[in-house]
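Below: one structure, written as structure tokens.
The values are calculated or read from the model by the stated rules, or taken from the named source; none is laboratory data. None of the values given here were measured: they were computed from a predicted structure. Note that we place each Cβ from the backbone using ideal geometry, even for glycine, and neighbour counts take in every protein chain shown.
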Amino acid sequence: MPVTLRSLLLPVLVSIACGPPLRRGDSGSSSSSDTTCGDGVRQSEEPCDGADLGESTCATLGWGPGTLRCAADCSDFDATGCSGYCARDCTGRRCGPDPRCGASCGTCTTGLVCDASGQCVQAAAHAPSILSFTANVSSITEGGSVTFSAVVTDPDGIADLAGGTLKDTDSGSTYGAFSQVSGGSFTHAVTWQAMQAVNSISFTTSMTRSFTAEFFDSTGKRGGSSTAMRLTCPAGTNETARAVGGRCTTECVTGTGRCASACIPMQSDPNNCGSCGRRCTAPDGGTTSCSGGQCSTQCPSGTTPCNGRCVNTQTDANACGGCENECPQAPYGGTRACVGGQCRVGCPSGKTDCDGACTDLQTDGDNCGECGRACTDPSSGSVRCQAGLCAITCDTNYTLCGAQCTNLQYDHFNCGTCGHACGDYASEYYACSSGRCATTSSCRGGYYKCGVVCCNYNTYHGACHWGSGQNLTCGS
């Protein structure tokens, strides 16, 4: 059943009449007209409404980790989903702590006291009466402390009070005497260590401890009241807290393991999958998960995980037909594609791959007609690739003879026309002049000139003489 803040966590207050504890909304007064339970928004006196729990959690209510919910009627919190939750059992009891959880089962009106069986009975005549008995905190953990406050009256006047003590309800052991603040106001502080000394603290998640304030007058007449509070040990996510002999410890819940200072579900945590620090990495374009302590990757439909990427092996040129099948790089100016899982690498129509570049063999001067066939500029002319052939254009006054541009007016081997070479005699030079072959004024090596005749030096030793007709000739 839902746990109530008033019955478990708030101090026990003196009621108007002896009876079961009041729950939120049971005060007898009607709720304000603007309160609507079920709209998901806390209003007026609602402690919660639907998912709107305010700042309250299982931990703030003194329970262990779990899920806190709002009661269906928005009157209080439902802590049945909190670990360590204890449902009180006030069967047959009208006051004092319940025997199962130590939670209050109610208070008695002035003049009545709660006996050991949880019944409101008539207090001794002229006995002290405790008007309120409260604690400044609703829960305590190791190293903490709580201050109890009691407001007491006496039919014979405050001066008739002899004092009061704070006791452990279960063991009956005494924590010590209350200190008078003023008039009928008294306080007493108790540490966690003192609670351990009086009644050993051992539990899993949390426990409820009941405290009884008992005041007496000068004649020994006594009046008492009890309240309860939660004893807890702090626990992180996926941790269960325990107290053994007053010392708090934590351990990881089943199915988790400790990584550094946190308890991690290593069977499902993608950052610690199977062991601490083992991180599952998602492929580009995909997701990852941890199941059973093993990493797994997921890629969208139609794609495959390949070397850290989700790829379509039917269209991806880096994994064409399979993860390890990378299509060759395309030549410069060409294309590289994967079609139906097959690599297609090549040049556009009309071009040929020549040493890694797509080339038009019809116009490329370095690859004219075929790869590697370069057109070379001739002397006195230019060349270009046309229709796959090297086409030479000669400069002005030059004529193409074979693959060379030549001047037919002076070219010894192409004199006047292509291929017409000027001949020569053993002793004389012939040259092309104005497109015609003619002898030159000089002799070959080993010859010397005598007039217009070339003479062999070895024969005539450089001598010339006047021959017939008064013309110089060889010899002396």
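For the stretch 43-76, the candidate set comprises residues that are at pLDDT 90 or above and touching a Leu at 6+ places or on another chain (Cβ under 9 Å); within that set, the residue that is farthest from Thr240 (Cα to Cα) is Cys48. The set of residues in the stretch 164-184 that are within 29 Å of Asp98 (Cβ to Cβ) and surrounded by fewer than 16 Cβ atoms within 10 Å (Cβ to Cβ) comprises Asp170, Ser171, Gly172, Ser173, Thr174, Gly176, Ala177. Of the strands (runs of 3 or more DSSP E) lying entirely inside the stretch 368-476, those carrying at least 2 residues that are on the phi < 0 side of the Ramachandran plot and in contact with a Pro (Cβ under 8 Å, 6 or more places away or on another chain) are 389-394, 404-406. Exactly one residue among Cys295, Cys290, Cys273 is in contact with a Lys or Arg (Cβ under 8 Å, 6 or more places away or on another chain) and either part of a strand (DSSP E or B) or farther than 22 Å from Gly236 by Cα (or both), and that residue is Cys295. If we scan the stretch 95-112, do we find a residue that is within 21 Å of Arg242 (Cβ to Cβ), modelled with pLDDT of 80 or more and out of contact with any helix residue (DSSP H, G or I) (no Cβ under 8 Å at 6 or more places or on another chain)? There is no residue in the stretch 95-112 that is within 21 Å of Arg242 (Cβ to Cβ), modelled with pLDDT of 80 or more and out of contact with any helix residue (DSSP H, G or I) (no Cβ under 8 Å at 6 or more places or on another chain).
Per the listing Ala330, Ala337, Ala317, the residue uniquely more than 22 Å from the chain's Cα centre (by Cα), surrounded by fewer than 17 Cβ atoms within 10 Å (Cβ to Cβ) and hydrophobic (A, V, I, L, M, F, W, C) is Ala337. Against the test of being of a type in the set (Gly, Ala, Ser), at pLDDT 90 or above and not in a strand (DSSP E or B), the options Ala159, Ala125 yield a single qualifying residue, Ala159.
Spot the failing condition for Gly292; the list is (1) in contact with a strand residue (DSSP E or B) (Cβ under 8 Å, 6 or more places away or on another chain); (2) on the phi > 0 side of the Ramachandran plot; (3) not polar (S, T, N, Q), and only one is missed. The failed condition is (1).
Counting the residues of the stretch 143-187 that are closer than 16 Å to Val198 by Cα and among the acidic types (Asp, Glu) gives 2. For the stretch 358-376, the count of residues that are within 60 Å of the chain's Cα centre (by Cα), surrounded by 13 or more Cβ atoms within 10 Å (Cβ to Cβ) and either closer than 30 Å to Asp316 by Cβ or touching a residue at least 60 places away in the same chain (Cβ under 8 Å) (or both) is at least one.
No other residue among Ala159, Ala135 is surrounded by fewer than 15 Cβ atoms within 10 Å (Cβ to Cβ) and under 18 Å from Glu214 (Cα atoms) apart from Ala159.
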